[in-house]
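*Asks:* Below: one structure in structure tokens.
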Amino acid sequence: MKSLEKVTDIEDLRRVAERKVPRMFYDYVDSGSWTETTYRNNESDFDRIKLRQRVLVNMENRSLATTMIGESVKMPVAIAPTGFTGMMWADGEIKAAQAAEKFGVPFSLSTMSICSIEDIATHTSKPFWFQLYVMRDQAFMANLIRRAKEANCSALILTADLQVLGQRHKDIKNGLSAPPKPTLTNILNLMTKPEWCLNMLGTKRRSFGNIVGHAKDVEDISSLSAWTAEQFDPALSWDDVARIKDMWSGKLIIKGIMEPEDAIMAARSGADALVVSNHGGRQLDGALSSISALADIVQAVHAENSNIEVWLDSGVRSGQDVLKAISLGAKGTMIGRAFLYGLGAYGEDGVRRALEIIYKECDISMAFCGHTNIQKVTDDILVKGTFENLKVNNF
């Protein structure tokens with residue numbers, strides 16, 4: 001196992017990943033839509049929130065342990081579902097799932113993953129979560145749900161904010177594809193990434209494992225791009241949630257909630273959790289940051305007297321970000337880029353290190369704020385005047 005003690009924050013991992021990962025896949029991770037304003041604000045708005053330091057408080061016996069939808073977790077963090085993960089590192093979803101299992105946090109697999117549902121089930125022993133993109137091909141979607149059940153997935157994540165695809169300029173300019181097309185530009189770039197190339201030569205998983213060979217008329221990479229371009233369902237509505245919930249008959253998480261009105265609809269749908277998320281700033285540019293939307297959504301859910309759990313993703317890069325989200329009412333958080341930087345830098349070891357960094361930052365910051373139990377943290381750890389203006393809607 002690599003010695004990564006000198007890797008001290010997520011930014012260290014990002015810099016290494018930028019050197020090691022081919023440009024199109026690094027840019028896919030480290031970018032947003034249009035002007036990338038929301039992508040940047042997801043991080044910078046966390047920085048506006050300041051913590052209150054308390055002293056001479058007994059800091060012994062600290063615990064970040066809690067539950068997310070009834071599952072015990074070492075800290076209130078889950079690995080978010082991300083597409084193209086297996087292009088950051090060979091068999092990347094498997095590596096990330098194994099790191100998450102060993103550490104004690106949930107792993108979520110994307111529909112647009114390189115490794116398949118069955119790959120993850122074969123290489124892990126703990127149930128994982130599966131994220132569903134609703135497609136026009138109803139038979140394919142039903143089959144995805146069936147496969148997730150057979151793999152013993154413990155929750156289904158319904159992504160609600162990808163009915164149409166936000167324009168991501170870098171992906172268009174790079175000609176994003178899996179595997180990368182053998183253009184001169186790509187070949188020259190790959191020549192500078194020898195470790196990535198060597199690892200990829202050792203795996204057969206280089207396309208979308210949940211789709212190729214499972215969707216009608218998609219038997220190879222040549223037919224995949226045309227199929228995916230037409231499949232995201234713009235007609236998806238709240239009426240479909242009940243149908244999907246019935247098909248799944250298990251725990252349901254709705255991801256992509258940014259407004260109190262939609263949070264109320266999610267609560268009334270019978271979902272077990274909702275995720276305050278703007279898709280990492282990759283869909284509607286100019287939208288609020290997730291942390292800015294959180295407090296109003298928590299308030300709306302409480303007003304409904306609902307038991308639905310409120311989580312947050314988009315912008316979480318540190319343990320302090322996790323702590324701030326929890327203090328504003330989130331029950332849990334999800335990380336995407338943070339673990340992907342670790343994966344691209346060092347594979348499974350890098351994901352492990354990313355989780356260690358976030359855990360330590362959250363643990364020590366919580367102690368400095370005068371708390372020893374993450375489940376008892378409230379907004380009393382925040383400096384007044386640095387977070388109240390996040391409640392922009394006054395729901």
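The values are calculated or read from the model by the stated rules, or taken from the named source; none is laboratory data. For clarity, every value in this text was computed on a predicted model and none was experimentally measured. Virtual Cβ from ideal backbone geometry, glycine too; neighbours counted across all protein chains shown. Heavy atoms of the whole protein, side chains included, go into the accessibility calculation; ligands, DNA and RNA do not. Shrake-Rupley method; radii C 1.70, N 1.55, O 1.52, S 1.80 Å.
*Asks:* May I ask you to list the GluC sites (Glu not before Pro) in the stretch 1-71 that are in a DSSP loop and have at most 15 other Cβ atoms within 10 Å of their Cβ?
*Replies:* Counting only loop positions with at most 15 other Cβ atoms within 10 Å, the GluC sites (Glu not before Pro) in the stretch 1-71 are GLU5, GLU60.
*Asks:* What number comes out for accessible area per residue over the chain if the probe is 1.4 Å? Units Å², please.
*Replies:* So the chain comes to 42 Å² accessible per residue, rounded to a whole number.
*Asks:* Whole percent per 5 Å bin, from 0 to the bin with the longest distance: what is P(r) over all C-alpha pairs of the stretch 279-375?
*Replies:* So the P(r) values, bin by bin, are 2, 13, 20, 20, 19, 15, 8, 3, 1.
*Asks:* A follow-up question, please. Could you work out what % of the accessible surface of the stretch 23-90 is carbon and sulfur, using a 1.4 angstrom probe and leaving DNA, RNA and ligands out of the count?
*Replies:* Solvent-exposed carbon and sulfur of the stretch 23-90 make up 47 percent of the total.
*Asks:* To one decimal place, what orientation-averaged projected area in nm² is obtained for the convex hull of the Cα set of the stretch 90-154?
*Replies:* That works out to 4.1 nm², a quarter of the Cα hull's surface.
*Asks:* Hey, another quick one. Please pull out the direction-averaged projected area of the chain, using the convex hull of its alpha-carbon atoms, in nm² to one decimal place.
*Replies:* The Cα convex hull of the chain, projected and averaged over all directions, gives 18.6 nm².
*Asks:* Given a 1.4 angstrom probe, I'd like the percentage of the accessible area of the stretch 282-395 that is carbon and sulfur, rounded to a whole number.
*Replies:* Carbon with sulfur: 48 percent of the solvent-accessible area.
*Asks:* Report the charge-dipole magnitude of the chain in Debye, nearest 20, computed about the Cα centre from +1 at each Lys and Arg Cβ and -1 at each Asp and Glu Cβ.
*Replies:* 840 debye
*Asks:* Once the Cα atoms of helix 138-150 and of the chain are each reduced to a long axis, what angle between those two axes, in degrees from 0 to 90 to the nearest 10, is obtained?
*Replies:* It is inclined by approximately 60 degrees.
*Asks:* P(r) of the stretch 182-308 in 5 Å steps, Cα pairs, percent per bin?
*Replies:* Bins of 5 Å from zero give 2, 8, 12, 12, 14, 14, 11, 10, 9, 6, 2, 0 percent of pairs.
*Asks:* Looking at the stretch 68-121, which trypsin sites (Lys or Arg not before Pro) are DSSP coil and have at most 15 other C-beta atoms within 10 Å of their C-beta?
*Replies:* LYS74
*Asks:* Could you check the spin-label model distance between PHE232 and PHE368? Points 7 Å from the Cα along Cα→Cβ, value in nm.
*Replies:* Output for this residue pair reads 3.9 nm.
*Asks:* Further question: Using every alpha carbon pair in the stretch 61-176, what percent of pairs falls into each 10 Å bin from 0 up to the bin containing the largest distance?
*Replies:* Each 10 Å bin holds this share of Cα pairs: 13, 41, 33, 12, 2, 0.
*Asks:* Restrict the search to the stretch 342-395; then list the trypsin sites (Lys or Arg not before Pro) that DSSP places in a loop and that have at most 12 other Cβ atoms within 10 Å of their Cβ.
*Replies:* When the trypsin sites (Lys or Arg not before Pro) of the stretch 342-395 are filtered for loop state and at most 12 Cβ neighbours within 10 Å, LYS384 remain.
*Asks:* To the nearest 500 deg cm²/dmol, what mean residue ellipticity at 222 nm is calculated for the chain from DSSP H runs of n ≥ 4 alone, each contributing -39,500 (n - 2.57), summed and divided by the residues?
*Replies:* Theoretical 222 nm ellipticity from helices: -12500 deg cm²/dmol.
*Asks:* Quick one: with all protein chains in place, what share of the accessible area of the stretch 137-281 is carbon or sulfur, to the nearest percent (1.4 Å probe)?
*Replies:* 57 percent
*Asks:* Can I get the semi-axes of the stretch 13-89's equivalent ellipsoid? Compute them from the C-alpha gyration tensor as square roots of 5 times the eigenvalues, in angstrom, largest first.
*Replies:* In descending order, the three semi-axes are 32, 20, 14 Å.
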